[in-house]
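*Asks:* I have a structure here, written as structure tokens, and I will follow up with some questions on it.
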Ligand code: SF4
């Protein structure tokens, strides 16, 4: 699966911190996340709801509401430009053209009162110097590439006339209008049934192999990570707690949280009366526990975990973990 180049880094996120300054206090949604994205790879950001995956994705393109949100630290380097601090004018040249983001929930991302054609063509004309006919021609070709049959007819449909999988394909088509180098997809397989999920995963796999795109794929589902990912960043409490090739994450997870997530997957080879779960709840990002943020739920906690943040430890060049057990 690893057809990407290990050295060809296209995006580098370093110690990124995005806080939201609210009346209830400071919400540290992303609190020191680092990873690199390599040319042609699929990097998965994985973790429970509220762990900071989506805010990390939004922070790459500074697409959150500001105020109350603000990047308070770290860098996001793309083509020698720090997207976390560059002027808005410069960032606008990257958004959609170089790096595209597909937001969660295909149903609500499309305008219900406009046809699919109107929405795709409008998107193309905002970014590219195309006439309506040229944009329509390009839209039909992209829809065909995304495996949509009768693409000309689909341009005249409204979103409610399409299945969940078709809507997801339309969103991907819109995001590909400007041939971006990086595609970020936020939970594209959530809220679709199992058949559609397989189709959506296949579509992203094709994008990676045929277009050599670099993908950041956000999901809470480790089974999806195993299906589509080359490498994975496991997130908890707004931090990256484990980064490794997907094969190692699945076969030899180092962080107790990653191991807990794996134990929650259903095992079809044996009869189970109930699914496993990680006891306790993810932390409130406005009241993070001291020390290791996972310590209230961790079955392997030792004394130091209550008071000191674990440093980043290298298990191998490609496998890093934040846990006192490896320090
Ligand atoms: Fe568990 Fe301690 Fe490791 Fe945190 S640092 S995951 S509490 S063992």
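The values are calculated or read from the model by the stated rules, or taken from the named source; none is laboratory data. Predicted model, so just to flag it, every value in this text is computed and none were measured. No Cβ is skipped: glycine too gets one built from the backbone with ideal geometry, and neighbour counts run over all protein chains shown.
*Asks:* Quick check, is residue 305 in a loop (DSSP other than H, G, I, E, B), modelled with pLDDT of 95 or more and surrounded by 15 or more Cβ atoms within 10 Å (Cβ to Cβ)?
*Replies:* So residue 305 fails the test.
*Asks:* Out of all the residues in the range 82-131, which are part of a loop (DSSP other than H, G, I, E, B), in contact with a helix residue (DSSP H, G or I) (Cβ under 7 Å, 6 or more places away or on another chain) and more than 22 Å from residue 65 (Cα to Cα)?
*Replies:* 112, 130
*Asks:* Out of all the residues in the range 82-111, which are touching a residue at least 24 places away in the same chain (Cβ under 8 Å) and under 17 Å from residue 169 (Cβ atoms)?
*Replies:* 100, 101, 102, 103, 104, 105, 106, 107, 109, 110, 111 - these are the residues of the range 82-111 that are touching a residue at least 24 places away in the same chain (Cβ under 8 Å) and under 17 Å from residue 169 (Cβ atoms).
*Asks:* Another question about this same structure. Among the numbered criteria (1) free of Cβ contacts under 8 Å to residues at least 60 places away in the same chain; (2) surrounded by 13 or more Cβ atoms within 10 Å (Cβ to Cβ); (3) in a loop (DSSP other than H, G, I, E, B), which one does residue 259 miss?
*Replies:* Evaluating residue 259 over (1) free of Cβ contacts under 8 Å to residues at least 60 places away in the same chain; (2) surrounded by 13 or more Cβ atoms within 10 Å (Cβ to Cβ); (3) in a loop (DSSP other than H, G, I, E, B) leaves (3) as the failure.
*Asks:* Something else about it: Report whether or not residue 241 is crowded, with 18+ Cβ neighbours inside 10 Å, in the same structural domain as residue 42 (by TED's automatic domain parsing) and near the ligand (Cβ under 9 Å from one of its atoms).
*Replies:* Judged against the criteria, residue 241 is a match.
*Asks:* To continue, here is another question. Kindly list, by first and then second residue, each pair from a residue in the range 298-318 that is farther than 20 Å from residue 240 by Cβ to a residue that is more than 7 Å from the ligand (Cβ to nearest atom), limited to pairs with Cβ atoms under 7 Å and residues at least 6 apart or on different chains.
*Replies:* 306/290; 306/291; 307/290; 307/291
*Asks:* Condition test on residue 278, is it within 15 Å of the ligand (Cβ to nearest atom), assigned by TED's automatic domain parsing to the domain that holds residue 22 and at pLDDT 95 or above?
*Replies:* No: the conditions fail for residue 278.
*Asks:* Can you pull out the residues in the range 285-327 that are closer than 19 Å to residue 28 by Cβ and more than 9 Å from the ligand (Cβ to nearest atom)?
*Replies:* Answer for the range 285-327, where residues must be closer than 19 Å to residue 28 by Cβ and more than 9 Å from the ligand (Cβ to nearest atom): 285, 286, 287, 288, 289, 290, 307, 311, 312.
*Asks:* Another question, if that's okay. Being outside any loop (DSSP other than H, G, I, E, B), in contact with a helix residue (DSSP H, G or I) (Cβ under 9 Å, 6 or more places away or on another chain) and surrounded by fewer than 18 Cβ atoms within 10 Å (Cβ to Cβ) narrows it down to one residue among 48, 134; which is it?
*Replies:* After applying the criteria, what remains is 134.
*Asks:* Please find, within the range 147-164, the residue that is modelled with the highest pLDDT out of those that are closer than 22 Å to residue 210 by Cβ and crowded, with 20+ Cβ neighbours inside 10 Å.
*Replies:* So the residue we want is 154.
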